[in-house]
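Every number in this text was worked out from the coordinates using simple rules, so none of it is lab data. Here the structure is a predicted model, which means the values were calculated and not measured. Every residue, glycine among them, receives a Cβ derived from its backbone with ideal geometry; neighbour counts consider all protein chains shown.
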Number of protein chains: 2
Amino acid sequence: MERSRPQTNRWDDLAADWCPVARAMSVIGDRWTLLIVRDCFLGKSRFDQFQTSLGVTRHILSDRLKRLVEAGVLERNPYSQKPLRYDYQLTDKGRDFAPALVGLKDWGKRHMPIRKPAAG
Amino acid sequence: MERSRPQTNRWDDLAADWCPVARAMSVIGDRWTLLIVRDCFLGKSRFDQFQTSLGVTRHILSDRLKRLVEAGVLERNPYSQKPLRYDYQLTDKGRDFAPALVGLKDWGKRHMPIRKPAAG
DNA sequence: GAAGGTAGGTTCCTTTTCTGAACGGAGGGT
DNA sequence: ACCCTCCGTTCAGAAAAGGAACCTACCTTC
């Protein structure tokens, strides 16, 4: 189960930063992680729900969920025994993301109108 | 001056999302962008200041600053004429990031203790 | 007036990460 | 037996990031 990662892990660099914002970015500093957390707040909890909602590749989703569990933001729990299946639930640490998420939501709502995809 | 970017631009995908958090991520959805904004709040404004503070490569810093200006979060202004030099200042849109940034700071402060780098 | 320094980038090559699509495993339904 | 669901993993190729060197324009020192 050992994930071998390259030596130069850019996520870990930020985890040692003096600034709490930088340390927060060591968890959510990529395109998808925060959106997974958002989906959890919206009641989603299963792999395929995230995958469908976000359109992220299964590969990366798997990695991000592992990181979030490792970071203590999500918990991986079995929700079915006979076909053994797990889902992901916010921990207290994850739920404490609410204010930051609301801050980002408000900013996006005020300053980022929906840009149409570049379809002809 | 035309920056040619590949067709599959993941930043733009999020800009068309229904969710304001996702649209916010279309601007700050990477490791560095939000930290540049943070540095601006801390009074930094020049290329080399960001570079020294963040340790990001000049290549990427240059790209992120351009994106932030394009997105209307920062303004690029000349601060010296004879050696023509520019710096980067927060716009109103950028300053409106404060609540989200504070939310992230609080979360990081509460939940992310400084992790020592893996030095022997 | 050449040598070296400063500020703000750009260019080039290598390393790392992400995507896209296929595959796997463990069970369920018919 | 065969296909379906869910939760992933694997692999090749594309994109992005890292690292170091280089460039431009001006200024200072010799």
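Quick notes on this one:
- Boolean, A:PRO99 is away from DNA strand D (no atom under 16 Å from the Cβ), assigned to a loop (DSSP other than H, G, I, E, B) and touching a helix residue (DSSP H, G or I) at 6+ places or on another chain (Cβ under 9 Å): no
- Elements of type helices (runs of 4 or more DSSP H) in region A:1-90, at least 2 residues being closer than 23 Å to B:VAL27 by Cα, within 12 Å of chain B (Cβ to nearest Cβ) and touching a helix residue (DSSP H, G or I) at 6+ places or on another chain (Cβ under 8 Å): A:10-15, A:20-28, A:33-41, A:47-54
- Against the list (1) within 7 Å of chain B (Cβ to nearest Cβ); (2) assigned to a helix (DSSP H, G or I); (3) more than 18 Å from B:ASP106 (Cα to Cα), the condition A:LEU104 fails is (3).
- Flag for A:VAL37 being crowded, with 18+ Cβ neighbours inside 10 Å and within 11 Å of the chain's Cα centre (by Cα): yes
- Of all residues making up region A:66-110, the number that are hydrophobic (A, V, I, L, M, F, W, C) and surrounded by fewer than 19 Cβ atoms within 10 Å (Cβ to Cβ): 5
- Any hit, region A:50-66, residues being more than 12 Å from the chain's Cα centre (by Cα), within 10 Å of DNA strand C (Cβ to nearest atom) and aliphatic (A, V, I, L, M): no
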